[in-house]
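Take a look at the structure below.
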Amino acid sequence: MELTKLLKQELLAKCEELGITRYASKNKSQLIELINSKQTTQTIEEDNSKKEIQNTQAYNFIEVCAGGGGLSSGLIKAGFTPILLNDNNSDCCKTLKHNHPHANVVCESMDKIDYTQYVNKVDLLTGGVPCQSFSQAGLRKGLDDPRGDLMMKFIEILILIKPKLFMIENVKGLATHDNGKTIEKVLETLNANRLYNISYKCLDASKYDVPQKRERIFIVGVLKTIIHTFNFPNESQRKKVLKDVLYNVPYSNGAKYNEDKIRLFKMIPQGGCWINLPTNLQKEYLGNSYNSGGGKRGILYRLSMEKPSLTLLCTPSQKQTERCHPLEDRPLTLREYARIQTFDDSYEFIGTLNSQYKQIGNAVPVELAKYMGEALLKLL
């Protein structure tokens, strides 16, 4: 609208509409100047508002095989918003729904979901695809194991929805399985359509604000249309140890030791294990494995307040992988497990005692996931 063509009465009405004050005594040219000034100010404010909205835009992600929610919690803390969280374990899904009530949680096998609505609409596709078959602590069957086939299902979803980024978290053993041939096959299949720049790295959680030595491989893919290069996060300046987290821990249930095991642990100092026992008790406890060689340092191991925890597993009390509390003669409780995995105290797990230990022990440490999430956001 050209203001010079308006009558003075129309300009006065325009001033009132725009909320301009002290205009009644102004002449026509002065009214036009007031209106132009006001409209310019409004345009600047609108532009700034749009920029603010753009800068605070929530980038989305889909996570399959989400488990108890360590990876998703870290990504949310980094600034991502979940549009789909998936797992086929009912307890995991209950935990996810309980802690992320506004998220779309789908409880079924990842290959049963219709992903067509997400094609070209997803910023990040991620998942800790189950792969116990690759684990150094398991049978290492690789992609021939049915659980290894879930990796292929993930790749099918990736090819369909074409997210801007993808990230797979996997066990350290993936890098060495079958002399490296397995990960070569995975990377080749992930990039069958040549759309992504892919990199991978084994990260130790203890170097990323997690009081636990836990090594995992992260495979990251970035659409080639994105001009930035992905850089894995820098390590934290200070390594956290158990005394940084095992204080004022909320009460929770936990596994128990029998009297015989309690008696043995009373003889073992922080950071010690079965080798701190008298020789006769070593032989009695280890039996035939006493002469089998190997370190076996996970047996009757007591954690130390001055060190990060060893890797937390699905149960806190297995003969070969003991994780005794540093100061007390008992296994770690559920909340202590969760503290070491850097979950917030407010994050609650649903299920039996064993189910909750498994959910926490299988999780990606929240702070490590946050570090990865922040590194990924720099690309968007």
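FYI, it's all coordinate maths here, none of it is from the lab. Computed from a prediction, not measured in an experiment: that's the story for all the values here. Glycine also receives a Cβ, built like all others from the backbone with ideal geometry; neighbour counts cover every protein chain displayed.
So for each of 22-32, 160-170 I average, over its residues, the number of other beta carbons within 10 Å; can you give me the resulting order with the highest mean first? Walk me through the numbers before you get to the answer.
Numbers: 22-32: 12.9, 160-170: 21.7.
Those peptides, ordered most packed to least, come out 160-170, 22-32.
Listing Asp209, Asp344, Asp204 from fewest to most neighbouring C-beta atoms within 10 Å gives Asp344, Asp204, Asp209. Taking every C-alpha pair closer than 8 Å and separated by at least 6 residues, the mean separation divided by the residue count of the chain gives a relative contact order of 17 percent. With a ≥ b ≥ c taken as the square roots of the eigenvalues of the C-alpha gyration tensor of the range 242-362, please select rounded if a/c is under 1.5 and otherwise prolate if a/b is larger than b/c or oblate if it is not? Note, shape of the range 242-362 comes out prolate. In this structure, the amide hydrogen of Val364, modeled 1.01 Å from its nitrogen in the peptide plane, lies closer than 5 angstrom to those of Gly70, Leu71, counting only residues at least 5 positions away or on a different chain. Gly67 sits among other residues whose Cβ lies under 11 Å from its own Cβ, and their net charge, with Lys and Arg +1 and Asp and Glu -1, is -3. Computing Cα Rg over 2.2 N^0.38 Å for the structure here picks out one of (i) 1.21; (ii) 0.95; (iii) 1.35, namely (iii).
Couplings 3J(HN,Hα) for the range 224-233, derived from phi with the Karplus relation 6.51 cos²θ - 1.76 cosθ + 1.60 (θ = phi - 60°), are 5, 6, 7, 6, 7, 9, 6, 10, 4, x Hz, where x marks Gly and Pro. Across the range 169-179, coupling constants 3J(HN,Hα) worked out from phi with the 6.51/-1.76/1.60 Karplus curve, θ = phi - 60°, read 9, 8, 6, 4, x, 4, 5, 10, 4, 6, 6 Hz, and Gly and Pro carry x.
Which semi-axes, in whole Å and largest first, does the equivalent ellipsoid of the range 72-126 have when worked out from the alpha carbon gyration tensor as the square roots of 5 times its eigenvalues? Before the final figure, lay out the partial values.
Details: eigenvalues 61, 55, 14 Å².
Gyration-tensor ellipsoid for the range 72-126: 18, 17, 8 Å.
Given Cα pairs under 8 Å that are at least 6 residues apart, what percent is the relative contact order of the range 242-362? Dividing the mean separation by the residue count of the range 242-362 yields 31 percent.
Under a 5 Å amide H cut-off, with hydrogens placed 1.01 Å from N, Gln212 pairs with Ser206, Ser309 among residues at least 5 apart or on other chains.
Counting other C-beta atoms within 10 Å, which of Thr229, Thr95 has the fewest, and how do the rest follow? Walk me through the numbers on the way to the answer.
Values: Thr229 10, Thr95 26.
Result, fewest neighbours first: Thr229, Thr95.
Which ordering of Phe265, Phe349 is given by a fewest-first count of other beta-carbon atoms within 10 Å? So the residues, fewest neighbours to most, are Phe265, Phe349.
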